[in-house]
Amino acid sequence: MRYSAQGANIEFETEGPRTGVPIIFIHGFPFAKAMWQPQVELLKKDFHVISYDVRGHGASDVGDGQYTVELFVDDVLGLLDHLKLSKVVCVGLSMGGYIALRAAERSPEKFRALVLCDTRSEADGNEGKIKRAGQARTVKADGMKKFADGFLKAVFFEKSFETNQPAVDSIRAMIENSSPTAVAGTLIAMAARTDTTPSLYTIKVPTLILVGQHDTVTPPSASHAMKEKIPGAELHMIGKAGHMSNLENPEEFNAHLLAFLRKLK
Ligand code: MLT
């Protein structure tokens with residue numbers, strides 16, 4: 001299904017009973033909603049599950065390729081309005097977490113719980129901004145395949161290349177199918193995002209933080225720093241996983257996610 005946002009159609013899917021607790025999944029960069037398949041399969045029996053492709057990713061339109069995280073937040077809040085949903089559980093991985101944290105800062109009344117996976121609240125420092133500028137240059141000059149080769153090594157725990165090749169292959173396909181214009185635009189958006197750290201203290205909904213034990217992109221230290229600031233937050237490390245913890249160790253990830261969701265009223 002598609003919904004028309006500012007200058008782009010956003011591809012989304014809803015599954016599970018409409019009467020179930022609504023959960024929206026926001027994927028990382030530069031992936032697509034299909035990365036949540038192990039979680040959607042599990043939860044669609046009892047929950048109302050919404051997943052969507054962030055503007056410029058998956059089957060959503062690229063539009064003009066000029067993005068901000070504020071625009072990504074407009075899109076997700078617009079999708080919730082379109083679906084007439086409020087008080088949703090929002091699950092975001094990495095960039096999805098940046099979007100979730102800023103959406104919760106802008107419209108806290110829309111959310112009943114947050115699940116922050118392999119993400120951080122801090123904005124990019126100078127080093128991060130310069131790295132993103134280099135990546136934007138690379139994707140435009142060399143295309144997505146070369147970018148995918150380097151990026152996969154950063155996001156997967158080295159053992160996952162032997163033990164979980166299907167997950168690596170599916171993420172590779174999502175990266176290689178991405179538009180260089182959209183990827184460059186998203187890199188610039190992430191480089192320009194705000195720092196949501198000051199508002200962590202004001203989060204009033206139950207919050208679960210999950211992070212791969214071997215995540216080097218958004219390391220466990222970033223998750224611990226968020227846990228210290230979010231009142232009552234719960235944190236679990238996912239063993240045998242890097243940055244793609246939901247795909248690298250879905251058993252452990254899903255067990256924590258389900259236990260958290262069952263505690264919500
Ligand atoms: C992601 O997985 O969304 C990205 O690695 C996040 C980032 O580059 O900051």
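The values are calculated or read from the model by the stated rules, or taken from the named source; none is laboratory data. If you're wondering where the values come from, they're calculated on a predicted model, not measured in any experiment. Cβ atoms come from the backbone with ideal geometry, glycine included; neighbour counts cover every protein chain shown. To get the accessible areas, we keep the full protein, side chains included, count just its heavy atoms, and leave off ligands, DNA and RNA. Shrake-Rupley method; radii C 1.70, N 1.55, O 1.52, S 1.80 Å.
The figures follow:
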read-out	value
Spatial extent of the chain: Rg and Dmax, with the Cα atoms as the point set, Å	16.8, 50
Around residue 51: net Lys/Arg minus Asp/Glu count, Cβ-Cβ under 13 Å	-3
Computed helical MRE - 222 nm, the chain, DSSP H runs ≥ 4 contributing -39500 (n - 2.57), nearest 500	-13500 deg cm²/dmol
Accessible-area composition of the stretch 123-265, carbon plus sulfur, in percent [1.4 Å probe]	57
Gyration tensor verdict on the stretch 11-87 (Cα atoms; rounded if a/c is under 1.5, prolate if a/b is larger than b/c, oblate otherwise)	oblate
For the stretch 141-225: relative contact order, % (alpha-carbon pairs under 8 angstrom, 6 or more apart)	34
Amide proton proximity set for residue 212, modelled H, under 5 Å, gap of 5+	118, 238, 245
Neighbour cut-off at most 16 other Cβ (10 Å), DSSP loop, GluC sites (Glu not before Pro), the stretch 105-140	122
Packing rank of 197-204, 26-33, where each peptide gets the mean count of other beta carbons within 10 Å, highest leading	26-33, 197-204
Cross-link reach list, aspartates and glutamates versus residue 84, counting only Cα pairs under 17 Å and skipping chain neighbours closer than eight places	11, 13, 15, 74, 75, 109
Positive-end extreme of charge dipole, the stretch 122-209 - chosen from 134, 156, 202 (charges on Cβ)	134
Subset of 110/204; 204/227; 146/240; 44/87; 44/227; 129/204 violating a 22 Å alpha-carbon distance limit	146/240; 44/227; 129/204
Average accessible area per residue (Å²) across the stretch 74-117 - probe 1.4 Å, nucleic acids and ligands excluded	27
Cα centre as origin, Lys/Arg/Asp/Glu Cβ charges: the stretch 1-59 dipole, Debye	100
Mean Cβ neighbour count within 10 Å, used as a protection proxy, ranking 69-81, 223-235, 141-153, 90-102 highest first	90-102, 69-81, 223-235, 141-153
The chain, dipole about Cα centre (Lys/Arg Cβ +1, Asp/Glu Cβ -1), debye to the nearest 20	460
Farthest toward positive dipole pole in the chain [+1 Lys/Arg, -1 Asp/Glu at C-beta], among 60, 113, 24	113
